[in-house]
Amino acid sequence: MDQRAFTVSLTGTDGAGETTVFAQVAVDPSDPSSVEDGLAKLLAALDDLRRVSARTEALEPYSADEEEVIERRLRALGYVE
Amino acid sequence: MASFLRRLGGRSGRRVAVIGVDGVPYSYAAGEIAAGRLPGLGRLAREGSLARMTSVYPWVSSVAWTSCATGCNPAKHNMFGFVDRDPATYRTFIPTARDIRRPMLWDLLSRAGKQVVVINVPVTYPPQPVNGVLIADFLSPSLDKAVYPPSLLPTLERLDYRVDVDPWIAYESLDRMMSEIEMVLERRLAAIEHFLKSARWDFFMAVIMETDRLHHFFWSRMEERHPVYAPFFERVYRRVDEAIAGFARALDDDTTLVVMSDHGFCSIEQEVFYNHWLHERGWLKYANSGPKELRDIADSSLAYSLDPGRIFIRVRGRERNGVVAPGAEYEALRDEIAAAAEELRDPGTGARVVRKAYRREELYAGPYLESAADLILAPVDGYDPKGALHKASLTHKDPVMVGMHTHDDATLCVRGHQLAGPTPSIVDVAPTVLRLMGVPVRAEMDGTALVK
């Protein structure tokens, strides 16, 4: 068995800046199913990159409603007045 | 069985797991260990080191955990409190992970090819990509926005994971708050156990925030031996201790386990409203009769305070319509306020409320020093500093919020290692973890590795 494990980092750039996601892949070139698994992990990482980039752009950093939720929580804990 | 346990969490090697118990004081933990009531933590201490650790100023979780994870003081990482202000507009805002200007431990380790799991560490919202898993903290507005990678959300939903307790329940019913804390604690522990055992990782860090919530609402009730709340308090500690013992058993001998808190705790004698004091002394004036936000202070004001105990001087050129000239005028006013703060007394008892008024350069050094408050008031334990703008009196004793943070009494327990040097500081944690994992310590870090 000739298994090779490696970390792949995928970097994308959007309006909010640069985003990097990571994928851990282990592949045995003699085992087609492990290659398929590795490719599936890379595709999942690409999907994460797309979703994270979209979310990063959307969060700036809170909507008005979200900021109210957090402020309210912090007020109850005595961290803000 | 042993070989099975050895496989938990992935491959062997130099791995580190950090379990944070927010706000657990060294003095309390050490006393409970000595009394045999925290056998799990006691065993870890016997197998390594247990030490009192200092936190940072201000000693709130957002600043303390960021200092822990960066190894840097606030003037390098740019996190100074749960609330901050834009000096040009006086708009206040909640700083998030995007405001942190230094890489966190998990960023450095991800770049070094290490796999990480990070759960509930303040301040990790919005979750930034890591080489592994990151579940952000209670500054997340909802769970679906707290998770990286997003594909893990169904797993957390299955575990019925909660971002935080609802702290407002305490103001309605302390009995219901007991149930809330225990419910969220169980879900937190279940998630920690799940990822500890099922994810591949080299570095694992999770913070149990429920101890902090317990302390805020039940600390003095524990000290006063309340017939219901004191046993509840001890039950939560026993549960956390039992969980830590279980986590410890699941780790192999090559993994260093660190249990730590970010600050200590004590009972509140009085809340102290520094803006009331600044107003009485004539340093703060209001533009209307019912000021609610920073934008309501008058242009002629010389100073104001933000939580907790941060005093800003209205410096010309820095603050909106600032009136105090930089240089000698600024220094003279700062000295005057600092001296007066150190003489401030509890009107009920005559006790001092400020242990020391620090000039910012006494505490911090780094490129973001200018963002820091001009004075940071370190309170006498028990006098909780508050930044409310308009209060009728200097002090107030809240019937619900009964516990406050302390600076000098955080906990650090490292299994399998004797700690080197004098009293550790929370900024020593990051370099210590990097040293344990064989990753170079960054020269910019203020802390030093506590192990050889």
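The values are calculated or read from the model by the stated rules, or taken from the named source; none is laboratory data. Keep in mind the model is a prediction, meaning the values are calculated, not measured. Glycine gets a Cβ as well: all are built from the backbone with ideal geometry, and neighbour counts include every protein chain shown.
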Residues that are more than 8 Å from every other protein chain (Cβ to nearest Cβ) and either buried (at least 22 other Cβ atoms within 10 Å of the Cβ) or among the aromatic types (Phe, Trp, Tyr) (or both), drawn from the stretch B:157-177
B:Tyr161, B:Val163, B:Val165, B:Met177
Where B:Asn288 falls short, out of the listed (1) surrounded by 22 or more Cβ atoms within 10 Å (Cβ to Cβ); (2) more than 23 Å from the chain's Cα centre (by Cα)
(1)
So which residues in the stretch B:197-219 are more than 14 Å from chain A (Cβ to nearest Cβ) and in contact with a strand residue (DSSP E or B) (Cβ under 6 Å, 6 or more places away or on another chain), if there are any at all?
B:Phe204, B:Met205, B:Ala206, B:Val207, B:Ile208
Count, please, the residues in the stretch B:38-62 that happen to be under 19 Å from B:Thr432 (Cβ atoms), β-branched (Val, Ile, Thr) and touching a Pro at 6+ places or on another chain (Cβ under 7 Å).
1
Filter the stretch B:224-265 for residues that are closer than 25 Å to B:Ser425 by Cβ and assigned to a loop (DSSP other than H, G, I, E, B) and give the result.
B:Ser261, B:Asp262, B:His263
Qualifying positions in the stretch B:145-176 - more than 21 Å from the chain's Cα centre (by Cα) and more than 30 Å from A:Gln24 (Cβ to Cβ):
B:Ile169, B:Tyr171, B:Glu172, B:Ser173, B:Leu174, B:Asp175, B:Arg176
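Restricted to the stretch B:128-137, and to residues that are in contact with a Lys or Arg (Cβ under 9 Å, 6 or more places away or on another chain) and crowded, with 24+ Cβ neighbours inside 10 Å, which residue is nearest to the other protein chains (Cβ to nearest Cβ)?
Keep residues of the stretch B:128-137 that are in contact with a Lys or Arg (Cβ under 9 Å, 6 or more places away or on another chain), which gives B:128, B:131-132, B:136.
Restricting the remaining residues to those that are crowded, with 24+ Cβ neighbours inside 10 Å gives B:131-132, B:136.
Details: B:Asn131: 4, B:Gly132: 7, B:Ala136: 11 Å.
The selected residue is B:Asn131.
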Considering each of B:Ser67, B:Ser110, B:Ser142, B:Ser49 in turn, give the residue that is closer than 30 Å to B:Glu361 by Cα and among the small types (Gly, Ala, Ser).
B:Ser67
Residue under question is B:Leu196, and the condition is that it be modelled with pLDDT of 95 or more, surrounded by fewer than 21 Cβ atoms within 10 Å (Cβ to Cβ) and either assigned to a helix (DSSP H, G or I) or in contact with a helix residue (DSSP H, G or I) (Cβ under 8 Å, 6 or more places away or on another chain) (or both); does it hold?
no
Just wondering, is there one or more residues in the stretch B:85-99 that are buried (at least 24 other Cβ atoms within 10 Å of the Cβ) and in a helix (DSSP H, G or I)?
no
Residues (in a helix (DSSP H, G or I) and in contact with a helix residue (DSSP H, G or I) (Cβ under 6 Å, 6 or more places away or on another chain)) located in the stretch B:387-429:
B:Ile426, B:Val427, B:Val429
